[in-house]
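Structure, as structure tokens:
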Amino acid sequence: DTTNQSGRDNPFQLEMPVIVGLSSRIDCENEALTVNIVLGITGGIAAYKAPDLVRRLRERDAEVQIVMTASAEEFVTATALQAVSGRPVRSNLWDKEAEAAMSHIELARWADVVLVAPATAEVMARIVSGAAPDLLTTICLATEAPIALAPAMNHVMWNNPATQSNRELLEQRGIHILGPDTGSQACGETGAGRMLDPDVIAATVCGLSVGKGDGSLQGRTVVITAGPTREPIDPVRYITNRSSGKMGYAIARAAAAQGADVILVSGPVSLQPPPGMQVFQVNTAQEMFEVTHEHVRGADIFVAAAAVADYRPTEIKPQKIKKRDERMSLELVRCPDILASVAALDNPPFTVGFAAETENVEAYARAKLETKNLDMIAANRVGDDQGFDTDDNAVTVLWPNGRQEFTRTAKTDLARSLVDLIAKHFYATTGSNTEPRLTVISNLD
Ligand code: C5P
């Protein structure tokens, strides 16, 4: 039925995305932008669930471009997948005709999210090593979009130290690992290794997409500090804290997705530098202070998400301190307050701080907002496995005349909401152009 408006019910009708530029502001919270998903299917028995996964993604208005590996074709047919996705399935890096229509690089750029489901132990290993012998792994290497993997394999393979170390490395690099589930397996055994339920994968992946945003920060420069600092005591010891940098890195990615030119000043973390931004690695609070001030003049927004040391040893001993007495004391001196110093500049950027507190969270945060002269502060309770070194967070954002609560959610989602809120207040405060560059992807029938 080619008269169908969206063409979605006709599996063989190709939907051509068209880009319509609009100049008026549309509230992006109410605007359902299409999410472009490259769905990689690899060769595991769970591939039989792929058509169902495609349907669950399509129900959420996603455009799904399937890329199969050769071994996936042993488990599910390209014909079935083309029928449910409404797009020709891609599998071969060397297919001249398909590459002429949309090359692997164009596919990598087109994707708002790359999802590999099921992901075998083998594809995880290939992605970890950066090997790209086929179309799917080439896209994984070439994309700047978030990547999510839904592993599915025999439980012994999943628990193998090689697979677990690959999982850990992938997670450190910001790749999302969805599942696996535990239960009975196709091999007749029971354990961890079942692919997550397709509906759960679809819901998570559509939530992951920072999409191309609405370009609300296009042309704006955003400087962000993230992670802990390390204050050396002697050549082998230092003072630090439990910050993982995940919140600051997620904010950096979300700001970049909104078109901002992002400068990320990062303390020592085990995260991969996000693509598409300038990243400066520092160790001490003093270095973070200096690098921030080298870049913050002329910036539009400054977000201080770093957990900067308040105090550092007065002197760094040139040699390792030997143990002698029962007690010893270290003399500490205050570190420069980066956030307060930026807010005190003549023409400061829109300045956002974080307040990690263990008690009186909101009262302490509001006091910081006022004493440091900030435009906004995000207050979070830390301790008891909250806030630091976790994947989710709950914050209350305060500004001079208001507040907004964000309940506990993934740091990636929270970052997107925070960046939207920051952009809204930045434009309201500065009276700058409030019309973001908006791109709406719609379907031709
Ligand atoms: O005063 P307090 O350290 O609690 O303030 C927290 C906020 O100040 C965070 O945004 C943190 O990044 C920033 N900060 C800073 N430099 C410091 C200490 C904190 O930028 N030396």
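The values are calculated or read from the model by the stated rules, or taken from the named source; none is laboratory data. For clarity, every value in this text was computed on a predicted model and none was experimentally measured. Virtual Cβ from ideal backbone geometry, glycine too; neighbours counted across all protein chains shown. The protein model used for the area step is the full one, side chains on, heavy atoms only, and it has no ligands, DNA or RNA in it. Shrake-Rupley method; radii C 1.70, N 1.55, O 1.52, S 1.80 Å.
Can you tell which of Ala250, Ala254 is more than 16 Å from the ligand (Cβ to nearest atom), more than 25 Å from Pro232 (Cβ to Cβ) and within 17 Å of the chain's Cα centre (by Cα)? Reasoning before the result, please.
Working: Ala250 fails: more than 16 Å from the ligand (Cβ to nearest atom).
It is Ala254.
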- Just to be sure, is Ala100 touching a helix residue (DSSP H, G or I) at 6+ places or on another chain (Cβ under 9 Å) and not in a loop (DSSP other than H, G, I, E, B)? no
- Criterion (within 19 Å of Leu169 (Cβ to Cβ), crowded, with 24+ Cβ neighbours inside 10 Å and in contact with a strand residue (DSSP E or B) (Cβ under 8 Å, 6 or more places away or on another chain)) met by exactly one of Ala150, Ala117: Ala150
- Filter the range 198-232 for residues that are at pLDDT 90 or above, surrounded by fewer than 21 Cβ atoms within 10 Å (Cβ to Cβ) and in contact with a strand residue (DSSP E or B) (Cβ under 7 Å, 6 or more places away or on another chain) and give the result. Thr221, Arg230, Pro232
- Note on the structure: The lone condition Glu231 fails out of (1) more than 30 Å from His425 (Cβ to Cβ); (2) away from the ligand (no atom under 16 Å from the Cβ); (3) among the acidic types (Asp, Glu) is (2)
- Only one of Arg60, Arg126, Arg55 that is open to solvent by 30 Å² or more (accessible area, probe 1.4 Å), without any contact (Cβ under 8 Å) to a residue 12 or more places away in the chain and of a type in the set (D, E, K, R): Arg126
- Among (1) part of a loop (DSSP other than H, G, I, E, B); (2) open to solvent by 40 Å² or more (accessible area, probe 1.4 Å), Glu370 falls short only on (1)
- Item | Within the range 301-361, strands (runs of 3 or more DSSP E) holding 3 or more residues that are open to solvent by less than 80 Å² (accessible area, probe 1.4 Å) | 301-304, 350-357
- Item | Residue match in the range 378-391 (condition: buried (at least 22 other Cβ atoms within 10 Å of the Cβ) and within 10 Å of the ligand (Cβ to nearest atom)) | yes
- Quick one: is Arg416 out of contact with any Ser or Thr (no Cβ under 7 Å at 6 or more places or on another chain) and buried (at least 16 other Cβ atoms within 10 Å of the Cβ)? yes
- Message: It is to be established whether one or more residues within the range 75-88 are surrounded by 18 or more Cβ atoms within 10 Å (Cβ to Cβ) and at pLDDT below 50.
- Response: no
- When the range 275-328 is checked residue by residue, the ones that are away from the ligand (no atom under 14 Å from the Cβ), of a type in the set (Gly, Ala, Ser) and at pLDDT 95 or above are Ala299
